[in-house]
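One structure is given here, and the rest of the page talks about it.
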Amino acid sequence: MKPRVMKGNGSGIGMRAVWLTAILMSLNVSSAYSEMYIGGQVGTTFFGDNNKLTRVEITDLSAPPGSFLTPRGSMSGRDLASSPVWGGKIGYYFPKVSWFGVELEAYYSNPHIEQGPTRVSILPGTVVVGGTVTSGDDVRIFPGDNFRVITIAPFNLMFRYNKARFQPYIGVGPAILLSRIETTEVGFQGTQSSTKVGLNVKLGGEYFFTEHISGYGEVRYNYTRFDFDATEAGGFGFTATYNPIIFSFGVGYHF
């Protein structure tokens with residue numbers, strides 16, 4: 001009696017194994033080496049409650065000079081226009097802990113202050129150092145002002161999953177925010193500047209098209225509290241919270 005010969009799909013199994021190997025090789029990337037990278041990015045600030053100056057407090061007046069308010073006056077939040085954002089970054093992941101790295105990034109935006117009704121309140125009994133002021137609580141139409149912010153995050157701590165072509169990551173670190181307001185209203189022309197240290201936090205994902213070229217997208221949150229002094233031309237000084245949410249995407253090169 002002849003032994004049975006199994007007619008099978010050995011070739012089919014072999015092809016499936018080849019395809020499975022190819023897929024796994026396409027998904028996995030080496031994580032045994034350190035890497036330095038650079039990237040460029042563009043994006044936009046997010047619409048909503050985060051896209052405004054909030055907790056606005058009036059601190060001083062321009063006339064007479066040095067008129068500081070005690071207690072401070074208040075203003076309702078001032079809406080900011082949505083703004084394009086562009087910038088770049090450079091970073092380094094360490095060889096023995098390749099899921100951890102450090103990054104420097106900088107980006108520019110001009111979320112101009114929009115024209116609109118704003119409630120201004122100065123409490124009765126306010127003490128004014130350097131002059132006098134009339135207390136009140138009213139709504140005024142403030143013109144739009146030019147507003148720009150340069151953000152420099154010198155030391156982001158970066159954490160990533162680096163076992164596949166798609167690599168999610170988070171980053172957190174201090175930020176230096178340099179802001180400038182230019183008022184164009186007749187009789188109040190002037191500029192106010194404020195530089196503060198704040199917070200930079202981001203969450204993103206990066207896809208490696210090749211070992212060296214990647215594309216990424218991220219959402220970023222900044223927080224600081226600006227302090228603008230009154231200008232000699234007129235108006236008032238104020239403090240305000242700036243905490244935008246920013247969406248951006250870009251292309252990176254890994255050395």
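Observations on the model:
- Close pairs from the range 143-156: first of a type in the set (G, A, S), partner surrounded by 21 or more Cβ atoms within 10 Å (Cβ to Cβ) and at pLDDT 95 or above, Cβ under 7 Å, at least 6 apart: A153/E105; A153/A175; A153/N200
- Selection within the range 68-125 - under 14 Å from the mean Cα position of the chain (by Cα) and either over 17 Å from Y242 (Cα atoms) or part of a strand (DSSP E or B) (or both): P84, V85, W86, G87, G88, K89, L104, E105, A106, Y107, Y108, S109
- Subset tally (residues that are among the polar types (S, T, N, Q), within 30 Å of H212 (Cα to Cα), at pLDDT 90 or above and surrounded by fewer than 20 Cβ atoms within 10 Å (Cβ to Cβ)) for the range 32-68: 1
- For V133: the one exception among (1) modelled with pLDDT under 80; (2) among the aliphatic types (A, V, I, L, M); (3) part of a strand (DSSP E or B): (3)
- Taken as a whole, the structure places S76 among residues that are free of Cβ contacts under 8 Å to residues at least 60 places away in the same chain and touching a Lys or Arg at 6+ places or on another chain (Cβ under 6 Å).
- Residue match in the range 208-218 (condition: over 16 Å from the mean Cα position of the chain (by Cα) and under 30 Å from M75 (Cα atoms)): no
- Residues located in the range 168-202, provided they are in contact (Cβ under 8 Å) with a residue 40 or more places away in the chain, not in a strand (DSSP E or B) and not polar (S, T, N, Q): E185, G187, F188
- If the condition is being surrounded by 15 or more Cβ atoms within 10 Å (Cβ to Cβ) and either more than 25 Å from R180 (Cβ to Cβ) or modelled with pLDDT under 95 (or both), then the range 93-114 contributes Y93, S98, W99, G101, V102, E103, N110, P111, H112, I113, E114.
The values are calculated or read from the model by the stated rules, or taken from the named source; none is laboratory data. Predicted, not measured: the structure shown is a model, and the values here were computed from it. All Cβ positions, glycine included, derive from the backbone under ideal geometry; neighbour counts span all protein chains shown.
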